[in-house]
Every structure is written in structure tokens, then in C-alpha cells.
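Taking it in order: structure first as C-alpha cells, then the write-up.
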Amino acid sequence: MPTSVRLDPRTEAIVRRLARRTGRTKSQVIREAILRLADQTPQLPPGGTLYDRVKHLIGLAKGGPPDLATRSEEYLREMFARRAAGR
């Protein structure tokens, strides 16, 4: 199925060089790059609960108070008070 892709000059030059060096067409180079990226990207489970869709993200962030979930309102009040005092 034909698809049009606009590339900036640098990317176009890279694709052209890769095609020439490997004996492939530019279309083949682009298709292979997309397939490799798809293989490297974690697949999310279709459907499921909201938790199922985001559980791969839990624990990625570091820092912040360990009790943020239980004291979030208190932390927000303190943050807004500090901002108001700084004006």
C-alpha cells in the first residue's frame, strides 16, 4: 500500500546512504527501520483495565516523598502556600 513520508534533508541523506551501502531500496530501508522499532517497543495489552494499561509505567519515576499518595492534599497545600509567599 503506497504511503508518503516527508523527511528532513538530513534523514533523507541517511536513508539514501543506507540504501546505497546495503543494496536496498529506500523503501526497504524505511520498512526495516519501522519493523525494528516495532520489535523494540513494548506492546501494551489490548483492552483490560486502566491499571493493566499503565502498570508498565509504575515505578519508573524516582524521587519525591514516599508517602505522597497518602498525603497528596497536604503536600499540595504546602506547595501552594510556598508559591503564594514567594509573590
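So which pairs qualify, if the first residue must be in the range 27-52 and within 17 Å of residue 13 (Cα to Cα) and assigned to a helix (DSSP H, G or I), the second must be of a type in the set (Lys, Arg) and modelled with pLDDT of 80 or more, the Cβ gap must be under 9 Å, and the two must be at least 6 apart or on different chains?
If the second residue must be of a type in the set (Lys, Arg) and modelled with pLDDT of 80 or more, the pairs left are 29/16; 32/24.
Residues in the range 54-73: is at least one part of a helix (DSSP H, G or I), over 22 Å from the mean Cα position of the chain (by Cα) and either exposed (fewer than 10 other Cβ atoms within 10 Å of the Cβ) or of a type outside the set (Phe, Trp, Tyr) (or both)? Break it down into steps so the answer makes sense when it comes.
Going residue by residue through the range 54-73, those that are part of a helix (DSSP H, G or I) are 54-57, 72-73.
Checking the rest, the ones that are also over 22 Å from the mean Cα position of the chain (by Cα) come to 72-73.
Now drop any that are not either exposed (fewer than 10 other Cβ atoms within 10 Å of the Cβ) or of a type outside the set (Phe, Trp, Tyr) (or both), which leaves 72-73.
Yes: one or more hits.
Within the range 12-44, restricting attention to residues that are among the charged types (D, E, K, R) and exposed (fewer than 11 other Cβ atoms within 10 Å of the Cβ), which residue is modelled with the lowest pLDDT? Walk me through how you get there before you give the answer.
Narrowing the range 12-44 to residues among the charged types (D, E, K, R): 12, 16-17, 20-21, 24, 26, 31-32, 36, 39.
Now narrow it down to the ones that are exposed (fewer than 11 other Cβ atoms within 10 Å of the Cβ): 21, 36, 39.
Working: 21: 97, 36: 94, 39: 89.
Filtering first and then ranking leaves 39.
The values are calculated or read from the model by the stated rules, or taken from the named source; none is laboratory data. Fair warning: this is a prediction, and the values are worked out from it, not measured in the lab. Backbone-built Cβ (ideal geometry, glycine too); neighbour counts: all protein chains shown.
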